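Here, each number is a calculation from the coordinates, and none is a lab measurement. Just so it is clear, the structure is predicted and the values come from calculations on it, not from any experiment. Cβ sites come from the backbone with ideal geometry, for glycine too, and all protein chains shown count toward neighbours.
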Amino acid sequence: MNILVINGPNLNMLGIREPDIYGSDTYEGLCKMISAHAESIGVTAEIYQSNHEGYLVDKIQAAYQTADGIVINPAAYTHTSVALLDALKAVGIPAVEVHISDVSKREDFRQISFVRNYCEKTIAGHGFRGYLEAMDYLKERTKK
Ligand code: DQA
């Protein structure tokens, strides 16, 4: 099983950006955690990060017929991007939305999620662990 893990803008700044909200672990640490978990559950994980909406759309499109599941933290584009929602709908790959912080308890402008209209599940506020839970969900789902 191939899982594509997509991270949106500013997530490359993890460890530096707002540690009170996102913690002090780095983006590199997140990638290592995802790769180790992929190995432990017997899947392959490709990890991608971009600060650019169009590149994220390109990556989702490129996953067509190659990835079996998508874990996506669109970061700020969660709250603005119809393009990411449409890209997910276009490729039709099962997807889980992840947020490190609990967006439901934050500002009003973070209460909208466009990708949520497509994603089978949303995991928010579980820190980096949320990515691993999303991978577990996608793995389990293939057994059904
Ligand atoms: C985030 C929450 C978003 O509102 C924010 O713009 C991010 C990160 C999270 O992982 O908690 O950049 O997606």
Would you say residue 24 is within 15 Å of the chain's Cα centre (by Cα) and polar (S, T, N, Q)? no
Being crowded, with 19+ Cβ neighbours inside 10 Å and in contact (Cβ under 8 Å) with a residue 12 or more places away in the chain, is that true of even one residue in the range 135-143? yes
Within the set of pairs 6 or more residues apart or between chains, which connect a residue that is free of Cβ contacts under 8 Å to residues at least 12 places away in the same chain and aliphatic (A, V, I, L, M) inside the range 36-52 to a residue that is part of a loop (DSSP other than H, G, I, E, B) and surrounded by 11 or more Cβ atoms within 10 Å (Cβ to Cβ) with Cβ atoms less than 9 Å apart? none
Where a residue in the range 72-91 is over 16 Å from residue 109 (Cβ atoms) and its partner, wherever it lies, is within 16 Å of the ligand (Cβ to nearest atom) and of a type in the set (D, E, K, R), with Cβ under 9 Å and at least six apart: 72/97; 73/97; 83/53; 84/53; 85/116
Based on this model, can you work out whether residue 16 counts as surrounded by fewer than 16 Cβ atoms within 10 Å (Cβ to Cβ), over 20 Å from residue 121 (Cα atoms) and without any contact (Cβ under 8 Å) to a residue 12 or more places away in the chain? yes
For the range 19-37, give me each residue that is surrounded by 13 or more Cβ atoms within 10 Å (Cβ to Cβ), more than 13 Å from the ligand (Cβ to nearest atom) and part of a helix (DSSP H, G or I). 29, 31, 32, 33, 34, 35, 37
Kindly indicate whether any position in the range 104-115 is more than 21 Å from residue 27 (Cβ to Cβ), among the aromatic types (Phe, Trp, Tyr) and buried (at least 18 other Cβ atoms within 10 Å of the Cβ). yes
